[in-house]
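Since the structure comes first, as structure tokens, the remarks are kept for the end.
The values are calculated or read from the model by the stated rules, or taken from the named source; none is laboratory data. Predicted, not measured: the structure shown is a model, and the values here were computed from it. Positions of Cβ are generated from backbone atoms using ideal geometry, with glycine treated the same way; all protein chains shown enter the neighbour counts. Side chains included, ligands, DNA and RNA excluded: accessible areas come from the protein's heavy atoms. Shrake-Rupley method; radii C 1.70, N 1.55, O 1.52, S 1.80 Å.
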Amino acid sequence: MTIIEDAPVTQRTPDVTAHRSAPAPAAPPYPTGDQPVRSTQDRVADLVRLREEVVRGPSVKATEAQHAKGKLTARERIDLLFDKGTFTEVEGLRRHRATGFGMESRRPHSDGVITGWGLVHGREVFVYAHDFRIFGGALGEAHATKIHKIMDMAAAAGAPVVGLCDGAGARIQEGVTALAGYGGIFQRNVRNSGVIPQISVIMGPCAGGAAYSPALTDFVFMVRETSQMFITGPDVVQAVTGERITQNELGGADVHTGVSGVAQFAHDTEEECLQEVRYLLSLLPANNRELPPHTTADDPEDRRTDSLVDLVPAERGRSYDMRRVIEEIADDGEYFEVHERWAGNVICALTRLGGQVAGIVANQPGDLAGVLDISSSEKAARFVQFCDAFNIPLVTLVDVPGFLPGVDQEHGGVIRHGAKLLYAYCNATVPRISVVLRKAYGGAYIVMDSQSIGADLTLAWPTNEIAVMGAEGAANVIFRREIAASDDPESTRARLIEEYQNKLMHPYYAAEHGLVDDVIHPGETRTRLITALRMLRAKHTALPSRKHGNQPQ
């Protein structure tokens, strides 16, 4: 069984018997011994036949077994990822050189991984795709070397790399050389981080060492029911803890997109998943030296967003869906949300404004009142870092009552995790625009890209309330003695709350002190954002010379 030794997988054993029973390969397409020299036409015919065998795969039975699990073959996935007819394969004839354990008699071409490049929406993208039909997609020395090569080619060409993952871990028959192959992949993941976009698409088992590479990439897609990721499988969990759990319950798509936060996207079918990968690539630059692709928007840049006046209630305690705000300001109402099902109290999305790609970070009053907590801080911080790495400007929509209080949050390190978001914004050099819609209280206001930490432009609606805390809490602290000594404490408290609001929490206080650049009509929001992004498009900020910062972990 070809799985990583320290992470047993209970997935059905790959159908390697079908490969063993396949007919012996034809005579090699080159002269041996005393055979006469063959013509060029004969050799070309042999090459055509060999290529057809490689594309066809190990056997019909192995392909049928893959389809029976509800999964496509590696080549079928590649056909869906790339523009039709644009894929070019690299090292399709590669074979392993391992011996022992019967490996010398089982040397299929490609060695269980297909590598190459093609076009996605007319732009170059590199790919490696595990072929589960061959050795269960398990990684050996030759297999790993092919992946190393395509990752190096992607970096040299300055183009994204997509990994279509469907493998059962390291190839046990090859021992430590297989494990070393993972090390080479991890090293390249880190070296290419922030240089070229890296996307992992989990389309089958991804266990043990194989799970670390996706965790190092920018985005992880998963397919429900057929893909799983875990370090140790259900059998090990049961042996150690006594807990019985299925593969999907332990590391399925819904677990990693809704509970652990390891994956950003989950889809019901491979076809839908790969279409969404294509759409994401259409929003990203090829590398960190380019700007995101700009399009001509059909949606008028001067379109007003007056519906926002009624959409966002002035009462600070009333909820609403921030997604509707994003739809109003985005070109044609379209946006691509990242981590939709994890840490829902903050929204992270890619969209276009006037044809220009922008990253949206927004508090979500419809989930936990939009507070910041451990998970939402981590989610937003990683998204901000990604956008900054790839020259994607940031628009922050602020309606935040503060950080979530509680023993669990404090003991879980909310200070440390909140500092990740603060660090990410302070370190970002891309254009940064923030819009305060309503509440912006305390440290959470500062963290959500306030002017004091470097936002290029800060706008606010006339419903904004920027303050250390809400008026009720502030009055109770400042005037507690006066309220306690009053003959009518409730009446006195109400009067003092109103006084505090009138003096320090009116919508123009921050503008009067230069902490907000302008107070705008909500109907102007889209136009003002597009105009500001155009003005900031050529922004350049030089950071101090250093090896790297020491960001919170």
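For this structure, a couple of remarks:
- Counted residues, the stretch 516-544 - those being open to solvent by 60 Å² or more (accessible area, probe 1.4 Å), part of a loop (DSSP other than H, G, I, E, B) and under 17 Å from I329 (Cβ atoms): 1
- Residues in the stretch 254-263 include none that are under 29 Å from T531 (Cβ atoms) and among the acidic types (D, E).
- Residue match in the stretch 380-401 (condition: closer than 25 Å to P507 by Cα and at pLDDT below 95): yes
- Residue within the stretch 234-252 that is crowded, with 17+ Cβ neighbours inside 10 Å, in contact (Cβ under 8 Å) with a residue 60 or more places away in the chain, touching a strand residue (DSSP E or B) at 6+ places or on another chain (Cβ under 7 Å) and assigned to a loop (DSSP other than H, G, I, E, B) present: no
- When each of G261, G333 is tested for being more than 30 Å from P522 (Cα to Cα) and open to solvent by less than 70 Å² (accessible area, probe 1.4 Å), the lone residue that passes is G261.
- Subset of the stretch 264-275 that is acidic (D, E) and either out of contact with any strand residue (DSSP E or B) (no Cβ under 8 Å at 6 or more places or on another chain) or loosely packed, with under 15 Cβ neighbours inside 10 Å (or both) - its residue that is nearest to A129 (Cα to Cα): E271
- Every residue from the stretch 186-210 that is part of a helix (DSSP H, G or I) and in contact (Cβ under 8 Å) with a residue 24 or more places away in the chain: F186, R188, N189, V190, R191, N192, G208, G209, A210
- Listed here are the helices (runs of 4 or more DSSP H) enclosed by the stretch 366-448 that have at least 1 residues being buried (at least 21 other Cβ atoms within 10 Å of the Cβ) and in contact (Cβ under 8 Å) with a residue 40 or more places away in the chain: 374-389, 414-427, 442-447.
- Any hit, the stretch 219-231, residues being part of a helix (DSSP H, G or I), at pLDDT 90 or above and out of contact with any helix residue (DSSP H, G or I) (no Cβ under 6 Å at 6 or more places or on another chain): no
A quick yes/no check of all residues on (1) open to solvent by 60 Å² or more (accessible area, probe 1.4 Å); (2) aromatic (F, W, Y); (3) assigned to a helix (DSSP H, G or I); (4) more than 18 Å from D331 (Cα to Cα):
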| residue | (1), (2), (3), (4) |
| --- | --- |
| R278 | no, no, yes, yes |
| S282 | no, no, yes, no |
| N287 | no, no, no, yes |
| E290 | yes, no, no, yes |
| T295 | no, no, no, no |
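- Residues within the stretch 160-185 that are in contact with a strand residue (DSSP E or B) (Cβ under 8 Å, 6 or more places away or on another chain) and either within 30 Å of P292 (Cβ to Cβ) or part of a loop (DSSP other than H, G, I, E, B) (or both), tallied: 11
- Of all the numbered requirements in (1) surrounded by fewer than 21 Cβ atoms within 10 Å (Cβ to Cβ); (2) modelled with pLDDT under 95, I453 misses one, and that requirement is (2).
- Considering the stretch 132-180, the residues that are under 22 Å from the mean Cα position of the chain (by Cα) and not aliphatic (A, V, I, L, M) include one that is most open to solvent (accessible area, probe 1.4 Å), namely D152.
- Residue within the stretch 80-93 that is of a type in the set (D, E) and modelled with pLDDT under 85 present: no
- Tallying residues that are without any contact (Cβ under 8 Å) to a residue 60 or more places away in the chain, open to solvent by 50 Å² or more (accessible area, probe 1.4 Å) and not in a helix (DSSP H, G or I) within the stretch 463-500 yields 3.
- Scanning the stretch 324-350 for residues that are assigned to a helix (DSSP H, G or I) and in contact (Cβ under 8 Å) with a residue 40 or more places away in the chain yields V325, I326, E328, I329.
- The single residue among K547, K503 that is open to solvent by 30 Å² or more (accessible area, probe 1.4 Å), within 23 Å of D388 (Cβ to Cβ) and of a type in the set (D, E, K, R) turns out to be K547.
- Only residues that are charged (D, E, K, R), open to solvent by less than 90 Å² (accessible area, probe 1.4 Å) and assigned to a helix (DSSP H, G or I) were counted across the stretch 35-50, and they come to 2.
- Residue check for E512: open to solvent by 80 Å² or more (accessible area, probe 1.4 Å), over 16 Å from N391 (Cα atoms) and acidic (D, E): yes
- Checked against (1) modelled with pLDDT under 85; (2) assigned to a loop (DSSP other than H, G, I, E, B); (3) surrounded by fewer than 16 Cβ atoms within 10 Å (Cβ to Cβ), V55 meets all criteria but (2).
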